[in-house]
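Undergrad: Have a look at this one.
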C-alpha cells in the first residue's frame, strides 16, 4: 500500500530529529535544512544515508547537494549561480521553492532551498506514493 | 575527508575521534582507547603524523577567559578535493574542530597541561553562516563560560573578515589515559609534552596586529 504524505513526513521528521539533534517542533514542512535546522554538508550526507535506509530507496550523489554544478562556468560565475544554473537546479530538484534564491543566487545560499517539504516530496516521488 | 556514501556516517565520525563528535551525539566522552601502545599511536600523539591541526596562529589570549586563534585555509588540505569539486570550501565539521581546538588550548593553559586529552562532549546551537575558502583566514574566538578540572563550556564564534562563519556552545571533557589504565601514564606524558611544544610555537609567533573579533554572542540552543 503506497505511503501517504503524512506517513512520509513522519519518517522524514524522525530522520531529521536524529541526524540534526533538533526538537520535534522545529521540523516543520517550511523549515530549511540549512537555514533553520543548521544542517551542513556532513549532515546532508548523513540525511541521505538515513533516508535511503528508512525508505529503501537510492539517492544518487548530487540529488540533494548539486556539487557537480559548482565548478561548471555555465552554471556558476563569481560565486553566483547563472540563470542557466538556476534552470538546471529546477530540473534536478523540482520539489524546492527557488523564489527567494532567484533574487540573490549566491552559492552560499543554494542549500537554503532544501526544506523539509522538499525532502518529503522527493521521497514520495521515489517511493511512488 | 573522502566520505563513502554507502558507509554509516558513524564510521566516518569515528575516523575523527577523538577530534570531533557530531552534534547529534550528545553526552558521553568518546575516548579513543585504540592501541595507544603501538608505535603508530605514539607517533601520532607526538604530533608527527596527526593531520587535523585546525589552528595555525595564536592571535590573543586572556588566560582562563578568552582565546582567539587563526585557521588559514589552503588548497593543500586534502578534504577540499571533495568539498566541493571545483568549489573548495572548509567543511563545517572542520570549523567545529577549529573551535574545539581553540577552546582546548585555553583549557590546557588554564590547567597547566594537566590532561592529555581534551575532547568535545557536546555541541549545541551550532550555526553555520558563511563559507571559508582557500586563501581566507578563519578567526576563531573561544569565550569560557566555565572551566573545572574535568569539564569546560564555551561560547565560540568564527569569523572571516566581518562575516560570521560559525557560532556554537561547546562542552569539553578533560581526561587522562591513566584514568582507565595507570600503565598508560607514559603515553599521557608524551602527549602533554607534544602539546607544550606546540603551545611554545604558538606563543613565539603571536601576531597582535591581527584584529580579534568581538566577544562571542550567546548562541541559540
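What follows draws every value from the coordinates through simple rules; no lab data is involved. It should be emphasised that the depicted structure is a prediction, and the values quoted were computed from it without experimental measurement. Every residue, glycine as well, gets a Cβ built from its backbone with ideal geometry; the counts of neighbours run over all protein chains shown.
Undergrad: Helix A:5-20: angle to the longest alpha-carbon principal axis of chain A, degrees 0 to 90, nearest 10?
TA: Here the helix axis deviates by roughly 70 degrees.
Undergrad: Moving on. Cα centroids of the stretch B:94-170 and the stretch A:19-62: how far apart, whole angstrom?
TA: 25
Undergrad: Suppose the Debye formula is applied to equal point scatterers at every Cα of the stretch B:35-204; what is log10 I(q)/I(0) at q = 0.13, 0.16, 0.18 Å⁻¹?
TA: Values returned for q = 0.13, 0.16, 0.18 Å⁻¹ are -0.65, -0.96, -1.18.
Undergrad: Could I ask something else about it? Answer rounded, prolate or oblate for the stretch A:5-127, using the Cα gyration tensor with square roots of eigenvalues a ≥ b ≥ c: rounded when a/c is under 1.5, else prolate when a/b is larger than b/c, else oblate.
TA: On the way: a/c = 1.91, a/b = 1.66, b/c = 1.16.
It is prolate, given that a/c is not under 1.5 and a/b is the larger ratio.
Undergrad: Under the rule a/c < 1.5 gives rounded, and otherwise a/b versus b/c splits prolate from oblate, where does the stretch B:106-216 land using the Cα gyration tensor? Present the calculation step by step, with values, prior to reporting the outcome.
TA: Values: a/c = 2.37, a/b = 1.60, b/c = 1.48.
Prolate is the answer for the stretch B:106-216, as a/c is 1.5 or above and a/b outweighs b/c.
Undergrad: While we're looking at this one, here's another question. Taking a temperature of 10 °C and a viscosity of 1.306 mPa s, what whole-number D in µm²/s does Stokes-Einstein yield for the stretch A:74-129 with Rh from Kirkwood over alpha carbon pairs?
TA: Working: Rh = 11.8 Å.
Answer, rounded: 135 µm²/s.
Undergrad: Compute the angle between helix A:41-55 and the longest alpha-carbon principal axis of chain A, please, reported from 0 to 90 degrees and rounded to the nearest 10.
TA: Value to nearest ten degrees: 40.
Undergrad: Here is a follow-up. For A:3, B:140, A:124, what ranking results if the residue with the fewest other Cβ atoms within 10 Å of its Cβ goes first? Intermediate results must be reported in sequence, preceding the final value.
TA: On the way: A:3 16, B:140 28, A:124 20.
Least to most surrounded, the residues fall as A:3, A:124, B:140.
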